[in-house]
Amino acid sequence: MSKKGLMLLHWILVILVGAVIIIFAVVFASKTGVVEQKKQNVVVAEYMDLFFNPFASIGAIAEGFGKQVEFDYEVELEFRCVSGEEKLFVGSGNKIAEEKIENFVYAPTQLKLKSMFVFSKPFNLPYRITDLIFTFDASQQFCLVYDSESSEIVADIISDVSGELLEAEQNFISCNDLNCCKQLENARIVSFTSQQGDVNIAGKGGFGEEFEYGEIRFRNGKKSVFIGLPLVEAAVFSDYEIYDCNFRRLMSKVAAMSDIYHGKSVFLGRTQICSYDFFRDDLQKMKGNARSLSSSPSLSIIEPLYTTSREFSDRNRDFSCAQLY
């Protein structure tokens, strides 16, 4: 081979080796970047776990909890219901970190943000069942549409949220006309009237309060039910998939708590001169209704659950012996 040919071969080899090195460096850097990003997502997931799960293990630490959470960079959060369990996924693609949520976190299915609000409220039926946790983008606006019958509950919601998160007060506006809400860019419209929003909440009754239980219709046409103000707030902040998943989980816990208080009534019945039989009857009814709701949310079942709960509360309050709660 001529000298000129050898030089050409030499340069071809140099170019090939250089190309291999560059490709290796790019792939290595890419994989390293993926690993580092996944590590960061794991840290974020573990950090969020501090807000989402502590109440599940140690019980309520206060009547309510509120916090604004700031991140150094934009994070992607996704809430999913997997085989009846709620899970949090941080990141996207092959960089996802996963965290199981033991408690009940109500949120949109997907969030992409640098700042978020997290707050909790106790859920009682009539005794304390658990804490419900709500989270939303700190830049998200909510427009609540009301009429004369729903003005009080809308005021209660805004007062309740701002009571835990004063910084979030500016995220809420109330209007008695849907057109008022449509003037706001990207606002989540929650309607308590016949006007149709992203979420539509219809109160069906209660002892002196129309919105103590009722029906919820989401933007995708799916329906569910609520009982009590905390679940109304849950519908304000969450998509149907998360609301439905957590409602079913919550009703399963109501049924389990009925068993616990049933056992307490048996114990007290042995140590007190009073009879606890009517408490046990109520608890059995509540357990049956809650179990039915955990498999099929229905307005026809939420009504008797609400009625029995109120009767149980009244009896417990007026009971002359040791009360159940």
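What follows draws every value from the coordinates through simple rules; no lab data is involved. Please read these numbers as outputs of a predicted model, since none were measured by experiment. As a convention, Cβ positions derive from the backbone with ideal geometry for all residues, glycine included, and neighbour counts pool all protein chains shown.
Which of the three applies to segment 188-251, rounded, prolate or oblate, going by the alpha-carbon gyration tensor with a ≥ b ≥ c and a/c under 1.5 meaning rounded? Oblate, because a/c is 1.5 or more while a/b does not exceed b/c.
When each of the peptides 221-233, 257-269 is scored by the mean number of other C-beta atoms lying within 10 Å of its residues, the order from highest to lowest reads 221-233, 257-269.
A DSSP coil position with no more than 16 other Cβ atoms inside 10 Å describes the following GluC sites (Glu not before Pro) in segment 120-214: Glu149, Glu185, Glu209, Glu210. Here the ratio of the Cα radius of gyration of segment 206-292 to 2.2 N^0.38 Å is 1.36. Relative to its Kirkwood radius, the Cα radius of gyration of segment 141-238 gives an Rg/Rh of 0.93. Distance from the C-alpha centroid of segment 109-175 to that of segment 272-300: 29 Å, rounded to the whole angstrom. Among DSSP beta bridges whose residues both lie in segment 141-238, state the antiparallel percentage, nearest 5. In segment 141-238, DSSP labels about 50 percent of beta bridges as antiparallel.
Under a Cβ-Cβ cut-off of 15 Å, what is the net charge of the residues other than Ile173 that fall near it, where Lys and Arg count +1 and Asp and Glu count -1? Present the calculation step by step, with values, prior to reporting the outcome.
Values: positive: Lys182, Arg188; negative: Glu169, Asp177, Glu185, Asp198.
Net of charged neighbours comes to -2.
Each of the peptides 288-294, 44-50 was scored by the mean count of other Cβ atoms within 10 Å over its residues; in descending order, highest first, they stand as 288-294, 44-50. Straight-line cross-link reach from Lys95 at under 17 Å between alpha-carbon atoms covers these aspartates and glutamates, not counting any fewer than eight positions away in the same chain: Glu36, Glu46, Glu74, Glu76, Glu78. What list do you get for Ile189, Ile273 if you sort them by fewest beta carbons within 10 Å? Ranking Ile189, Ile273 by Cβ neighbours within 10 Å, fewest first, gives Ile273, Ile189.
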